Amino acid sequence: MNILKPFLLPDERELIDSIEQNGSERKKGEERLFTRYAYFIKEAIHKYSLSEEEAFDVYSDAILSAIEKISNGSFQRRSSLKTWVYQIFHNKYVDFIRKKSTNRSSIHRTLSISDPMFEVADTSKTIIQELMDKTDWKLLREKLNQIGDNCRQMLLLWADGYSDKEIALAMEYKTSDVVKTSRLRCLEKLKQLYRSS
């Protein structure tokens, strides 16, 4: 039985192969994938009426998902790379809209008057808040030490107010877009560490 695989262009095969590698070859492949379909961002701005930042975030999420699926072997090559990445991008857009509408409805929720923070005196609130902040910082430092040097350095620079362009220069990344994608990946790692603890 002869099962035909869909036609992939040679450069698509090469791109997929490089993402399946390790080290600098993989990083180059990820950068090429990111820039290859970056025009989806402009399409999303016009077609879906997203802001540039929203469209960029949706696109970055889609590319990160595509990279993960390629590297773990779940891209089955049933369609062209472009069609497959666009489908992921569209699904991420739908997820974004759902989250946005859910967040809008949660704005109207009110706090219960019996909320414990309302029952605590003002001076106690600040002490409690300071203790919570110290605990949060200790936990955050632990998690940052677990995600690796590059991610930790990038997130600390970003937290200090450095722009993606400045971080790209400081950490020797090619573009600020690569920094933003890497930062989103690092933040996702950090979220997963928080969820697992």
Those residues of the range 45-81 which are among the hydroxyl-bearing types (Ser, Thr, Tyr) and under 19 Å from Glu20 (Cβ atoms), in sequence order: Ser65, Ser71, Ser74, Ser79, Ser80
Any hit, the range 76-97, residues being at pLDDT below 85, within 27 Å of Cys186 (Cα to Cα) and not small (Gly, Ala, Ser): yes
Exclusive hit being modelled with pLDDT of 80 or more and over 30 Å from Glu12 (Cα atoms), set Ile147, Ile128, Ile107: Ile147
Given (1) closer than 21 Å to Thr175 by Cβ; (2) surrounded by fewer than 14 Cβ atoms within 10 Å (Cβ to Cβ), number of the condition Glu43 does not satisfy: (2)
In the range 57-66, the residues that are surrounded by fewer than 20 Cβ atoms within 10 Å (Cβ to Cβ) and either part of a loop (DSSP other than H, G, I, E, B) or in contact (Cβ under 8 Å) with a residue 40 or more places away in the chain (or both): Asp57, Leu64
Complete set of residues in the range 172-196 that are part of a loop (DSSP other than H, G, I, E, B) and surrounded by fewer than 20 Cβ atoms within 10 Å (Cβ to Cβ): Glu172, Lys174, Thr175
Candidate set from the range 139-171 (those that are part of a helix (DSSP H, G or I) and of a type in the set (Asp, Glu)); member that is farthest from Lys27 (Cα to Cα): Glu142
Pairs where the first residue, in the range 184-196, is farther than 21 Å from Phe34 by Cβ and the second is surrounded by 15 or more Cβ atoms within 10 Å (Cβ to Cβ) and among the β-branched types (Val, Ile, Thr), C-beta under 7 Å, 6+ apart: Leu193/Ile147
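The values are calculated or read from the model by the stated rules, or taken from the named source; none is laboratory data. Because the structure is a prediction, the values reported are computed rather than measured. Cβ sites come from the backbone with ideal geometry, for glycine too, and all protein chains shown count toward neighbours.
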